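The values are calculated or read from the model by the stated rules, or taken from the named source; none is laboratory data. Because the structure is a prediction, the values reported are computed rather than measured. All Cβ positions, glycine included, derive from the backbone under ideal geometry; neighbour counts span all protein chains shown.
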Amino acid sequence: MKHLPSLESIQESIRRFEESEEADLREKLGVGPGIYYLIRKNSTTYPARLIFLDALNQEFPGSLPKAKQNSSEHSWIERHLENLGLEITAPALIAPPELRAEFRNRDLISDRFGGASQQGLVRFPGERIVNAFSEPKGGYADDEPSLQSPFGYRGQGPSGRQSLASPGNRLLESSRIERRPIRYWYRPAGGNFSFLTWAMVAGRVWVRGVGEDGAARVEINWQLLPIPDEHPENWSTDAIAALEFPVAPEAELSEMPEVASQPSYAELIERLPKAPGGPPRRTRVQIETQRSSVARRAALLRSSGKCEWPDCGGMPAETDKHGAPILQVDHIADLAKGGPDRPENMIALCPNCHAVKTLGGEPDRWRSRLSQIAREGHERMLRTNPREAPVNPASGNEGISTSGHSIRAE
Ligand SMILES: [Zn+2]
């Protein structure tokens, strides 16, 4: 039979906690320093598990449970404390992260709100809200985030076929079905992790990808749609319409996804922000994220995996580590000088041609010719039947871009 401490011994334990060093108590009871649930009493909070275990140890010496004492899930320990009439709360319930809050690393986020610091998809104790973490280097082919249009976030699972049954994907799937907003956290290269935007899980598609082990596999590409806040009454009609994104049932997918399931050029253009140029840039993080991954993806799709410079003589035969052609997408008129972040102003070039454009002696000639090539290509793509839009056969993968591969430690 499971021993449970009485209310008297819990209260005695709270008094003891106030008089002793927390670190000593933790060491004595073998409870790590993580912050999880809290007991709130007279507007002061106390670590719930530490108090519980101390009370248990006093009342029933030698009966400390071997259960996972540090799990962030609400468990029988918190339930028992609630049954005793105590108020249970958690750091994220008292002071949830504010939009744009920055943290130097994941451990600091975990110290503040609880939750595992190793997972890409986590819930903080006390909350149903899912937090998705992304950063632009390493194993996962996430898109660069956008604050205006849907962007892709790769599912959980570093190698092998990804599955909706894995814990992180299950969290996103239930957020999608229940239409519960998630927090999207992003760390630009060299920067801090910040709570960049609220997002809806608008849909998911199965895409071809490459696992950490280098093997081709099926991945889930979650479609995240940025929203201004967590209150549905403030979302735009576009945001609500986007919740009707198609989803493919897992059961339908036995083999690699069809290349045809990729969005067409026209569909990508539809996702771009309507106002050219986008909203004004304010902070560094916004500048980082306004480079639209959708526009880059469209430019790559238009290129069919080949350098768009007509006289290209140096397209490398090698592919990148994801099996995609080595292409760099460049803005023809610089973003910084007001060039639009749209595929009509973008060009996919091989590294050689990119170098000539940037370093060569005839920048004006290149710019004007590239401009014409991009515009003509754009119009040609829009004329093409969306279902027959050329797709680079080497990479039926939404992550064909050289952008946005991010890591999520598992
Ligand atoms: Zn080239």
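Of the residues G190, G157, which single one is within 24 Å of R297 (Cα to Cα), of a type outside the set (F, W, Y), at pLDDT 85 or above and part of a loop (DSSP other than H, G, I, E, B)?
G157 is the lone residue from the list that is within 24 Å of R297 (Cα to Cα), of a type outside the set (F, W, Y), at pLDDT 85 or above and part of a loop (DSSP other than H, G, I, E, B).
Of the residues A333, A298, A324, A374, which is more than 14 Å from the ligand (Cβ to nearest atom), modelled with pLDDT under 80 and surrounded by 13 or more Cβ atoms within 10 Å (Cβ to Cβ)?
A324
Look through C353, C312, C307 and report the one residue that is crowded, with 21+ Cβ neighbours inside 10 Å, part of a loop (DSSP other than H, G, I, E, B) and within 13 Å of the ligand (Cβ to nearest atom).
On inspection, the qualifying residue turns out to be C307.
Condition check ((1) surrounded by fewer than 12 Cβ atoms within 10 Å (Cβ to Cβ); (2) touching a Leu at 6+ places or on another chain (Cβ under 7 Å); (3) free of Cβ contacts under 8 Å to residues at least 60 places away in the same chain; (4) within 17 Å of H74 (Cβ to Cβ)) across all residues:
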site: E8; (1), (2), (3), (4): yes, no, yes, no
site: R16; (1), (2), (3), (4): no, no, yes, no
site: E21; (1), (2), (3), (4): yes, no, yes, no
site: L29; (1), (2), (3), (4): no, yes, yes, no
site: T44; (1), (2), (3), (4): yes, no, yes, no
site: L50; (1), (2), (3), (4): no, yes, yes, yes
site: L53; (1), (2), (3), (4): no, yes, yes, yes
site: N57; (1), (2), (3), (4): no, yes, yes, no
site: F60; (1), (2), (3), (4): no, no, yes, no
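Tell me, yes or no, whether segment 196-211 has at least one residue that is part of a loop (DSSP other than H, G, I, E, B) and over 14 Å from the mean Cα position of the chain (by Cα).
yes
Can you go through S146, S166, S159, S174 and tell me which one is assigned by TED's automatic domain parsing to the domain that holds D229 and either crowded, with 20+ Cβ neighbours inside 10 Å or in contact with a helix residue (DSSP H, G or I) (Cβ under 7 Å, 6 or more places away or on another chain) (or both)?
S146
How many residues are touching a strand residue (DSSP E or B) at 6+ places or on another chain (Cβ under 8 Å), assigned to a loop (DSSP other than H, G, I, E, B) and basic (K, R) if we restrict to segment 94-143?
The qualifying residues number 3.
Is at least one residue of segment 121-143 exposed (fewer than 14 other Cβ atoms within 10 Å of the Cβ) and either among the acidic types (D, E) or not assigned by TED's automatic domain parsing to the domain that holds I177 (or both)?
no
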